[in-house]
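Q: Provided herewith is a single structure, encoded as structure tokens, for subsequent inquiry.
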Amino acid sequence: MLSRDENELLTRTGPGTPMGKLMRRYWIPALFSDQLSEPDCPPVRVKLLGEKLVAFRNTQGRIGIIDERCPHRTASLFFGRNEECGLRCVYHGWKFDVDGNCVDLPSEPWDKDFKRKIKITAYPCIERGGLVWAYMGPSELKPAFPEIEWTLVPSSHRYVTRHLQECNWLQALEGGFDVSHLSFLHQGTADGPDGRPIPIPTRYEVIPADCGLISITGRDLPDGNGALTANVMLMPFHKLISTSPIGAHVWVPLDDETTMNYSVEYWPDRPLSEEDLEESKNFHFIHPELLPGSDRAVLNKDNDYRVDRALQKSGKSFTGMFGLGIQDCGIQESMGPIADRTIEHLGKSDTTIIQIRRLLLRALQDFEAGGTPPGLDPASYRVRSGRFTMATWQPLAERVYDFVRIKEPAFAK
Amino acid sequence: MLSRDENELLTRTGPGTPMGKLMRRYWIPALFSDQLSEPDCPPVRVKLLGEKLVAFRNTQGRIGIIDERCPHRTASLFFGRNEECGLRCVYHGWKFDVDGNCVDLPSEPWDKDFKRKIKITAYPCIERGGLVWAYMGPSELKPAFPEIEWTLVPSSHRYVTRHLQECNWLQALEGGFDVSHLSFLHQGTADGPDGRPIPIPTRYEVIPADCGLISITGRDLPDGNGALTANVMLMPFHKLISTSPIGAHVWVPLDDETTMNYSVEYWPDRPLSEEDLEESKNFHFIHPELLPGSDRAVLNKDNDYRVDRALQKSGKSFTGMFGLGIQDCGIQESMGPIADRTIEHLGKSDTTIIQIRRLLLRALQDFEAGGTPPGLDPASYRVRSGRFTMATWQPLAERVYDFVRIKEPAFAK
Amino acid sequence: MLSRDENELLTRTGPGTPMGKLMRRYWIPALFSDQLSEPDCPPVRVKLLGEKLVAFRNTQGRIGIIDERCPHRTASLFFGRNEECGLRCVYHGWKFDVDGNCVDLPSEPWDKDFKRKIKITAYPCIERGGLVWAYMGPSELKPAFPEIEWTLVPSSHRYVTRHLQECNWLQALEGGFDVSHLSFLHQGTADGPDGRPIPIPTRYEVIPADCGLISITGRDLPDGNGALTANVMLMPFHKLISTSPIGAHVWVPLDDETTMNYSVEYWPDRPLSEEDLEESKNFHFIHPELLPGSDRAVLNKDNDYRVDRALQKSGKSFTGMFGLGIQDCGIQESMGPIADRTIEHLGKSDTTIIQIRRLLLRALQDFEAGGTPPGLDPASYRVRSGRFTMATWQPLAERVYDFVRIKEPAFAK
């Protein structure tokens, strides 16, 4: 449960908002690299943190993400010509390079200085893990790219999709770290190895980490050990999931009521097998089927995710919705565009959600006071989710750090 | 003509508004009983007075109408499982009974007290007249169910439909009690027995009644009598219509710009005949044709009610719109989502509308001052609309009371 | 570049706004005459400067444009019966003539005075140039109809279409007077006589005129002359285009985010030829193809004007959009519903736009101070756009006035 002010603080990400300013200190996924399939291909509209942008790949293959509006008279550069190392506005031919410089201004040929005074907002970009990432913060504070393992492995080791989620980013992030719902929402879709629902965890611990936090959940075994899972939150909106292959999500705010949910599966040390890929592509798990030419899922809120009440009744699916990703998306969207966290009732099973909110509120407070956001050291992301058995009668933190830490990064930057 | 403040006062019905608080003291139709066709059938979304709710019928056949949002983390209970005497949220399995108690809270098994602290908003329900009615006010003030005659007769005696009206409830109510439009709007659709337009009433009287008011309109006859009709307003949004079979409407605010119009025809003392039902089902009169699986009429504001200008020109239909119900709905919606009553010009023929506003404003004033809303005594609804001839040279009130009063309620509660 | 306040001042045209009050002093195109095809035909919905209206042609052929809302209880007169010299509300039969008088009030037959007290807002109308024009200002200040040449020629000499533009009127007007875009936006669609892009003008002069202003652009020739074009702005939202046949636009604000773009081609002194009409009707130039029964273009913002990226790449079309009118509309709409002029960077090539803003701001200032708006003398519109060669080493104004002035108005009012 949050106050109304806290809820606003955590959910609003537009320019000038506290969370918006904080998020702009991190690298943010903007689109797939292959949406800019070749040099000088058509530009692509991008929305990030409430800002309307266009992405383009120039003649040399470099990528630019710039304000959609031409600084001349605000015409959209989405309609621009991508040619000869720059995106040219079709209105008066003003041309911008990937760094935001005006490199041609043919409508004012008598004033050679004019174009030197013209700049367009341009965000530095980098391609990692099949995605284009943008940095939208102050240029002098641009961090090195974080060592997120799935972005560093060869593309053969990785499968990445994305879909729109029609709600605020924090609902999606919190849903990702809500562990107890595995025993309910996904019954019939993702049960335990014995074919029965995943038992409710009895242990919930959150261990602080330089990258964000580590959520430890699991059950105590008769022998004094715990059968535990470590899910990792990377600041500000990533999750590493304790599945095999390893899963990951990035929940990127497009605006405060729309989130792009990137879904990843990968092996750190080997290609995904045919079988792995078949599993990923059957829409049963985190990757939903999309409407053609769109980021929107076939099963979406306008059709109530085609909930099958007979299937739900049969007990074969707790929800009657097809696919784990749709179940997550559906239940999170059902809370409304921005959930009203002032009326919640949280318990021990919500420990991770409570701690994520505290982490974010503390990060905002420190940041507003002039501090550095957590997780900007690239090496702090050198962690991996997983499952393990560990004695639980003594403090877990040190041993967990040791477990999640990636000892030998196989693929350096 | 109202002031802007008065118009706001009468039209706004959300939680906390004066009219919203007043309306919550009455039983309100929420949905058809057969939308909850059997025990443990799928829940149904309901909206009432701006509140998003879900209705369900439990294993024992009891009906619950509860907040759509689970009090845990606000997921929608529309997607819930209706099973074993409760509606279970699919997110974490929290389960609620029809009274709003949390009867299972499986995600926190270690804390047996937790669920006792959890309540969900639940509104008492009752099934009457083929509908489920909800009471949304303070529980200690819940009135007995009003003796609305059509809710008490056997289902064979009654035909009930509903359709959405895309405007404020008060426009619909006022339209119902606007008598002089019968001589214009419905020309060609509902003419007099001589096949000519219904003559304009010359007499407009409003007689106060415990249930609300009685609107008397009609024409003076040469012999000193009046040929009169008594239409009855039952607080806060009912009408009894002086037709044969007897008609009735209930205009329920879903929100301030959408109204559910329930339309009823019934005989107090006998089943509707085949001929009666044929008339009711041919879409000529108050029951419009609906889009399949929807409460929206086929003829609606997006298609301008398919107004037939040639038909209108021909004089066979004053409006060129098909069906009396569509004519009413169309002209009322054409005033906008909430009519601007500050620019009206009312006359004697608007007497009933003026008096209804006074009644409602007075009821609001008394209510805000701590008084009891009118019409909460169930027996005060023991009235019936009708047509009659009566000497008009002496006061009508006592004789009208005698006429509309139901002497022998055939079907007690 | 404007301040936020200036941008608001220039773009808002609703009742009571400064620009709205100024515009209401001019005659404004409302619809095509043939939309009211004959006496007593169905009324037509019209929106002008944010006001919802209905237009009708009475039994005598006179046209009325009146408030959509009946003054009785605000029902829409769009559904009204147009009969016997008046538009009759279908709700209670109240009937209004084209001057806004209530000529029948049958629902209150006992009060013969009632109807004399009832007026509906009615705007004087005039048919000129195939259009119905309305005057929405104070009646005592109604100006004579301006001598816009294309409105005075026989219909054989003129071709007029219209289409919706989904942005503010000022974007459309400014786009019309943006000359340098001809060298870019329309490349491949409207090139020079040599088949090459129109060269960038080097001369930009704005000459004040009683009607508004004259925009002179062109290039200096080696012989000391300039090859010049004169485009004329007529207050408050007209353009005369220097093409052959002569072109014209009127950009009428329907509301602040929607503009009706009337597009005209005409000869002052002869009928349009078959060839002229073929050119006008092939959708290549200012007249776009419309969705059937609609004012919306087939190529519109919802389909990104079906931009053809391969065609754009080929260099055969700078934009990849089909049709000069669509290119203009598309780029202007791409600036958003109301362009943010606080972030612009204007140069010498934007001279006309800068001067138009100054003219309008000055006109607003004078008007608010009690002055008379410019261009209300009908004869001040006795001007014509065109192309000419003129010595440029001495002041142009007097010679330009002489060039644009229509010496012998062939078709008097």
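The values are calculated or read from the model by the stated rules, or taken from the named source; none is laboratory data. Computed from a predicted model, the values in this text were never measured in an experiment. Counting neighbours? That spans all protein chains shown, and the Cβs are built from the backbone with ideal geometry, glycine included. Protein only, heavy atoms only, side chains kept; ligands, DNA and RNA dropped before computing areas. Shrake-Rupley method; radii C 1.70, N 1.55, O 1.52, S 1.80 Å.
Q: Cα extents of chain B along the three principal axes, largest first, in whole Å?
A: 84, 49, 46
Q: Let me ask something else. State, as an integer percentage, the relative contact order of segment C:1-57 based on alpha-carbon contacts under 8 Å between residues 6 or more apart.
A: In percent, rounded to a whole number, it is 26.
Q: Not counting ligands, DNA or RNA, and with a 1.4 Å probe, what is C:E83's accessible surface area in Å² rounded to the nearest 10?
A: Probe radius 1.4 Å; accessible area of C:E83 about 40 Å².
Q: Not counting ligands, DNA or RNA, and with a 1.4 Å probe, what is B:K95's accessible surface area in Å² rounded to the nearest 10?
A: Solvent-accessible area, nearest 10 Å²: 10 Å².
Q: List every residue whose amide H lies under 5 Å from the amide H of B:V206, counting only residues 5 or more places away in sequence or on a different chain, with H placed 1.01 Å from N in the peptide plane.
A: B:I216
Q: Any idea of the accessible area per residue across the protein assembly as shown, 1.4 Å probe, to the nearest Å²? Write out the running numbers ahead of the final one.
A: Numbers: 48400 Å² over 1239 residues.
Per residue, the protein assembly as shown has an accessible area of 39 Å².
Q: Also, quick follow-up: How long are the semi-axes of the equivalent ellipsoid of segment C:87-193, defined as square roots of 5 times the Cα gyration tensor eigenvalues? Whole Å, largest first.
A: Computed over segment C:87-193, the values are 45, 17, 14 Å.
Q: Right, next: Note down the magnitude of the dipole of the protein assembly as shown about its Cα centre, charges +1 on Lys and Arg C-beta and -1 on Asp and Glu C-beta and zero elsewhere, to the nearest 20 debye.
A: 1120 debye
Q: Check which residues have an amide H placed less than 5 Å from C:E108's amide H, if you skip close sequence neighbours.
A: none
Q: Here's something else I'd like to know. Distance cut-off 27 Å, Cα to Cα: go down the list A:K52/A:K117; B:K47/B:K239; A:K348/B:K119; A:K301/B:K112; A:K313/B:K115 and report the pairs above it.
A: Checking Cα-Cα distances, A:K301/B:K112 exceed 27 Å.
Q: By its C-alpha gyration tensor, with a ≥ b ≥ c as the square roots of the eigenvalues, how is segment C:365-413 shaped: rounded for a/c under 1.5, else prolate for a/b larger than b/c, else oblate?
A: Oblate, since a/c reaches 1.5 and b/c is not below a/b.
Q: What translational diffusion coefficient, to the nearest whole µm²/s, does segment A:188-239 have by Stokes-Einstein, given a Kirkwood radius computed over alpha-carbon pairs, a temperature of 25 °C and 0.890 mPa s viscosity?
A: Estimated via Stokes-Einstein, D reaches 196 µm²/s.
Q: Continuing with this model, one more query. Counting residues in the protein assembly as shown as N, plug N into 2.2 N^0.38 Å and put the Cα Rg over that result.
A: That ratio works out to 1.08.
Q: Across peptide B:76-88, what mean number of C-beta atoms from other chains lies inside 10 Å of a residue's C-beta?
A: Rounded to a whole number, the mean comes out at 3.
Q: Follow-up. HN-Hα J couplings of segment C:80-91 from phi, Karplus 6.51/-1.76/1.60, θ = phi - 60°, integer Hz, Gly and Pro as x?
A: x, 9, 9, 7, 6, 6, x, 9, 10, 5, 7, 6
Q: Ok, one more. From Cα coordinates alone, what are the radius of gyration and Dmax values for segment A:296-413 in angstrom?
A: Spelled out, the Cα radius of gyration and Dmax of segment A:296-413 are 20.2, 56 Å.
Q: Sticking with this one: Provide the per-residue ³J(HN,Hα) series for segment C:136-151, in order, calculated from phi with Karplus coefficients 6.51, -1.76, 1.60 and θ = phi - 60°, each as a whole number of Hz, with x at glycine and proline positions.
A: Along segment C:136-151, the couplings run 10, x, x, 5, 5, 10, 4, x, 5, 5, x, 7, 6, 4, 5, 7 Hz.
Q: Lone cysteines in chain C, going by a 4.7 Å Cβ-Cβ cut-off?
A: That list is C:C41, C:C85, C:C102, C:C125, C:C167, C:C211, C:C329.
Q: Return one quarter of the surface area of the convex hull spanned by the alpha-carbon atoms of segment A:239-310, equal to its mean projected area, in nm².
A: Across all orientations, segment A:239-310 yields a mean hull projection of 6.8 nm².
Q: Shifting gears a bit: Give the residue from C:Q332, C:A391, C:L346 lying farthest towards the positive end of the charge dipole for segment C:253-392; charges sit on Cβ (+1 for Lys and Arg, -1 for Asp and Glu) and the dipole is referred to the Cα centre.
A: It is C:A391, whose Cα lies furthest towards the positive end.
Q: What does the helix-only formula give at 222 nm for chain B: each DSSP H stretch with n ≥ 4 adding -39500 (n - 2.57), the total divided by the residues, and the result rounded to the nearest 500 deg cm²/dmol?
A: So the helix-based figure for chain B works out to -5000 deg cm²/dmol.
Q: Could you tell me the largest-minus-smallest coordinate of the C-alpha atoms of segment B:7-99 on each of the three principal axes, in descending order and whole angstroms?
A: Cα extents, longest axis first: 45, 30, 17 Å.
Q: Size of the dipole of chain C about the Cα centre, Lys and Arg at +1 and Asp and Glu at -1 on the beta carbon, nothing else charged, in debye to 20?
A: Working: 48 positive and 56 negative charges, 111 e Å.
Result for chain C is approximately 540 debye, rounded to the nearest 20.
Q: Moving on to the next point. Stick to the Cα atoms of segment A:122-164, pair each with every other, and give me the Kirkwood hydrodynamic radius in Å at one decimal.
A: About 11.9 Å for segment A:122-164.
Q: Further question on the same structure: Å³ per residue of the Cα convex hull, for segment C:135-230?
A: Output value, Cα hull per residue: 192 Å³.
Q: Taking amide hydrogens as modeled 1.01 Å from N in the peptide plane, which residues meet the under 5 Å criterion relative to B:E344, leaving out close sequence neighbours?
A: Residues meeting the criterion, in which the H sits 1.01 Å from N, are B:L2.
Q: While we're on this one: What's the minimum Cβ distance from chain A to the axis relating it to B, in whole Å, and which residue gives it?
A: In chain A, the Cβ lying nearest the symmetry axis toward B is A:D302, 10.
Q: Pick out, from C:L49, C:C89, C:G61, the residue whose Cα sits farthest towards the positive end of the charge dipole of segment C:37-90, with +1 on the Cβ of Lys and Arg and -1 on the Cβ of Asp and Glu.
A: Highest projection toward the positive end goes to C:L49.
Q: Along the charge dipole of segment A:131-290, pointing to its positive end and built from +1/-1 on Cβ of Lys, Arg, Asp and Glu, which listed residue (A:W251, A:N231, A:A144) has its Cα farthest out?
A: Going by the charge dipole, the pick is A:A144.
Q: Charges at C-beta only: +1 for Lys and Arg, -1 for Asp and Glu. How large is the resulting dipole of segment B:144-191 about its Cα centre, in Debye rounded to 20?
A: Dipole about the Cα centre, nearest 20: 180 debye.
Q: OK, next. Using DSSP loop states and a limit of at most 15 other Cβ atoms within 10 Å to flag chymotrypsin sites (Phe, Trp or Tyr not before Pro), what is the longest stretch of chain B containing no flagged site?
A: B:111-392
Q: With every protein chain in place, what's the accessible area of A:K117 (1.4 Å probe, Å², nearest 10)?
A: 140 Å²
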